[in-house]
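Asker: Pasting in a structure now, in structure tokens, and then I'll have a few things to ask.
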């Protein structure tokens, strides 16, 4: 396979929040440490990957359990970080582009993909800039990003613009509830120390109704939504009907 190489374009304004970019940039070297700062993402990843695979494959009439069910599909991973989702999507057969506002994360992602023999296009570019270039994709992945951006409306507009007609978008974020404040903010950052303190600003968490309202002006409707529940005894995550804390959603054009 061809080697992966990053393309950088300095993101200085727009939907990126500079403090958020700097915070994750300082942790860039730890993206692939399964027991490091990003351990929660490594633990939750199998459930997220299965959800994406099943919904995207199903949307395009593919067998999700078949060999490389996403073959031929173009997938955009927004806020790709070190490539924890981009690489599994490539292994499922998709042609993958990963973008992130942080140049450090993109360099880490490109190096890891090269070492893994995976051809993935990585770029340090904001979604609105990529949308302005006219790029479109069969599936846009927008996971654990929206709660970190500076302008939710502009961010969603750019994401929606890059979904091809008949395409699909998968989103994941945190609900703004008392329960999420207790578990995802206080519990995860200060009690269990799963995440560095300050990783999340609870005020930027997004309610499902707000997400739906942000997508609606662009012709998108949420057709599926699931919560993510942690089982401490098994140290595993699973899908749930409880969306009070973490949740994933599937959106398509009406």
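Any read-out appearing in this document is the output of simple, stated calculations on the displayed coordinates, not a laboratory observation. Just so we're clear, the structure is a prediction, and the values are computed from it rather than from any experiment. Cβ atoms come from the backbone with ideal geometry, glycine included; neighbour counts cover every protein chain shown.
Asker: Can you tell me the order of 161-170, 57-66, 42-51 when each peptide is scored by its average per-residue count of other Cβ atoms within 10 angstrom, highest first?
Answerer: Packing order, densest peptide first, comes out as 161-170, 42-51, 57-66.
Asker: Also, I was wondering about something else. Can you give the extra length, in nm with one decimal, that the chain gains between residue 241 and residue 164 once fully stretched, where that is 0.36 nm per residue apart less the Cα-Cα distance?
Answerer: Gain on extension, residue 241 to residue 164, equals 24.8 nm.
Asker: If I model a spin label as a point 7 Å beyond the Cα along the Cα-Cβ vector, how far apart are those points for residue 136 and residue 179 in nm?
Answerer: 3.9
Asker: Another question, if that's okay. In whole Å, how far is the Cα centre of the range 59-135 from that of the range 148-163?
Answerer: About 18 Å separates the Cα centre of the range 59-135 from the one of the range 148-163.
Asker: A follow-up question, please. Please work out how much length the chain gains when fully extended from residue 30 to residue 223, using 0.36 nm per residue of separation minus the C-alpha to C-alpha distance, in nm with one decimal.
Answerer: Extending this stretch completely gives an extra 66.0 nm.
Asker: Expressed in nm to one decimal, what extension gain is obtained for the pair residue 50 and residue 234 from 0.36 nm per residue of sequence separation less their Cα-Cα distance?
Answerer: 64.4 nm
Asker: Can you give me the distance in nm between label points at residue 68 and residue 129, each placed 7 Å from the Cα along the Cα-to-Cβ direction?
Answerer: Each label point lies 7 Å from its Cα, and together they span 3.2 nm.
Asker: How do the peptides 127-137, 83-93 rank, highest first, by the average count of neighbouring beta carbon atoms within 10 Å per residue?
Answerer: Descending mean neighbour count gives 83-93, 127-137.
Asker: Hey, another quick one. Using 7 Å Cα-to-Cβ label points, what is the residue 154/residue 254 separation (nm, one decimal)?
Answerer: In this crude spin-label approximation the distance works out to 2.6 nm.
Asker: I'd like to compare 151-157, 99-105: which one has the highest average count of other Cβ atoms within 10 Å, and what's the full order after that?
Answerer: 99-105, 151-157
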